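The values are calculated or read from the model by the stated rules, or taken from the named source; none is laboratory data. Quantities reported herein were computed from a predicted structural model and do not represent experimental measurements. Every residue, glycine among them, receives a Cβ derived from its backbone with ideal geometry; neighbour counts consider all protein chains shown.
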Amino acid sequence: MSVRASAPGKAILLGEHAVVYGLPAIAIPLSGIRAKATAYASADALAIVAEDLTRPPLKIVSGESEPADPLALMASLTAKYLGLANINGEVRIQSDIPIASGLGSGAAVSAALGRAIAQLYDVDIPDADLNQLVFEVEKLHHGAPSGIDNTVVVYEMPVYFIKDAACDFIDIDKPLSILLADTGIASLTRDVVADVRSLAHSAPTHTGHVFAEIGAIVNEARDCIGRGATTRLGALMTANHRLLQSLSVSSPELDLLVDAALKAGAIGAKLSGGGRGGCVIALVDEDTVYRVKHSLIEAGAKRVMATVAG
Ligand code: PMV
């Protein structure tokens, strides 16, 4: 017997970093790129084979592995949730989500793994419960995460997110055409978040103003999404990027991609996620999408993914 489960990647449209300090952010699921888990029943202790996450393939046998390993932690949290001392079976994980690119790979793998293990035992974990489990694992990846990644990945809905507040999902009436350009530079969100924390201690007035401005941008952007005001939404995204630059979380490579997208006619562009590497998100329209994509590749993007939100 085998069961399959999956979870999408995600992109932060606006509000990263400030969201750690209680300001709102907006994130969208990337349903076209996914982490997938296939679980097979067996009498043996659980083994997890994550073929494209590590090389050589990682095999975790429950009870033998480090609890500090995210896959082992997710498996043991799921076992505890199911009220089981041991889990049997094998789970094979595949993911098309680039790692350490701000696209939610860690949260998606955790969510797919938890769902697959539970399904082996005939349980569909409710999203609210899975969200809590994945959040625990996100703490390993991110230190003190806001919780936005696990929320958008588990519920697979666009979300207006405020830390510790109830989930507020948003309807996108007029679909948003988006390009995600990967710098190919892996960056650890945990390190960048720690640097912003140092800045918040050393320059509290500056960071306080920047966070407040980002919060105002996110609130206006939500309104724009609600009424299909795409041009203004794009301008807000670009303004958000300038504010992220002033928190020193951008990089020359990210700035180059943002400028290339804007010069080629993108409606707006900014870094997405932790920064210093990872991806740029650009809002485009039908007329400019190919020109912007080409320009991003010319400017050094290692890959460009097109998606539609809403
Ligand atoms: O996982 P990333 O790189 O998309 O970053 C998450 C967004 C941050 O605001 C930088 C951190 C957080 O926990 O919200």
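Check whether at least one residue in the range 132-141 is in contact with a Gly (Cβ under 9 Å, 6 or more places away or on another chain), within 28 Å of L233 (Cα to Cα), modelled with pLDDT under 95 and not small (G, A, S), and report yes or no.
Filtering the range 132-141 down to residues in contact with a Gly (Cβ under 9 Å, 6 or more places away or on another chain) leaves 133-135, 137-138, 140-141.
In the following step, the residues that additionally are within 28 Å of L233 (Cα to Cα) were identified as none.
So far as the range 132-141 goes, no, none of its residues is in contact with a Gly (Cβ under 9 Å, 6 or more places away or on another chain), within 28 Å of L233 (Cα to Cα), modelled with pLDDT under 95 and not small (G, A, S).
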(message) Please pick out the residue among A221, A186, A181 that is within 22 Å of the chain's Cα centre (by Cα), within 16 Å of the ligand (Cβ to nearest atom) and surrounded by fewer than 17 Cβ atoms within 10 Å (Cβ to Cβ).
(response) A186
(request) With the checklist (1) within 25 Å of N150 (Cβ to Cβ); (2) away from the ligand (no atom under 16 Å from the Cβ); (3) among the polar types (S, T, N, Q); (4) crowded, with 19+ Cβ neighbours inside 10 Å in hand, flag the one item N240 doesn't pass. (result) (2)
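So which residues in the range 123-142 are within 16 Å of the ligand (Cβ to nearest atom), acidic (D, E) and surrounded by fewer than 19 Cβ atoms within 10 Å (Cβ to Cβ), if there are any at all?
From the range 123-142, those within 16 Å of the ligand (Cβ to nearest atom) are 131-132, 134-142; that's our starting set.
Now narrow it down to the ones that are acidic (D, E): 136, 138.
The answer is E136, and nothing else.
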(request) Sort through S2, S95 and tell me the only one that's modelled with pLDDT of 90 or more, polar (S, T, N, Q) and surrounded by fewer than 15 Cβ atoms within 10 Å (Cβ to Cβ). (result) S2
(request) Please enumerate the residues belonging to the range 102-145 that are outside any helix (DSSP H, G or I) and small (G, A, S). (result) G102, G104, G143, A144
(message) Here are the criteria: (1) in contact (Cβ under 8 Å) with a residue 24 or more places away in the chain; (2) crowded, with 20+ Cβ neighbours inside 10 Å; (3) within 30 Å of G228 (Cβ to Cβ). Tell me which single one V192 does not satisfy.
(response) (3)
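Where residues in the range 19-33 are within 30 Å of H201 (Cβ to Cβ) and touching a strand residue (DSSP E or B) at 6+ places or on another chain (Cβ under 7 Å), which of them is nearest to the ligand (Cβ to nearest atom)? So that I can check it myself, show each step before the final result.
Residues of the range 19-33 that are within 30 Å of H201 (Cβ to Cβ), as a first pass: 19-27.
From the residues that got through so far, the ones that are touching a strand residue (DSSP E or B) at 6+ places or on another chain (Cβ under 7 Å) too are 19, 24-27.
Values: V19: 5, P24: 11, A25: 7, I26: 12, A27: 8 Å.
Ranking the candidates gives V19 first.
In the range 198-214, how many are out of contact with any helix residue (DSSP H, G or I) (no Cβ under 6 Å at 6 or more places or on another chain) and touching a residue at least 60 places away in the same chain (Cβ under 8 Å)?
Taking the range 198-214 first, the residues out of contact with any helix residue (DSSP H, G or I) (no Cβ under 6 Å at 6 or more places or on another chain) are 198, 201-206, 208-209, 212.
Cutting the leftovers down to touching a residue at least 60 places away in the same chain (Cβ under 8 Å) gives us 212.
Number of matching residues: 1.
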(message) Any residue that is at pLDDT 95 or above and surrounded by fewer than 20 Cβ atoms within 10 Å (Cβ to Cβ) - is there at least one of those in the range 143-155?
(response) yes
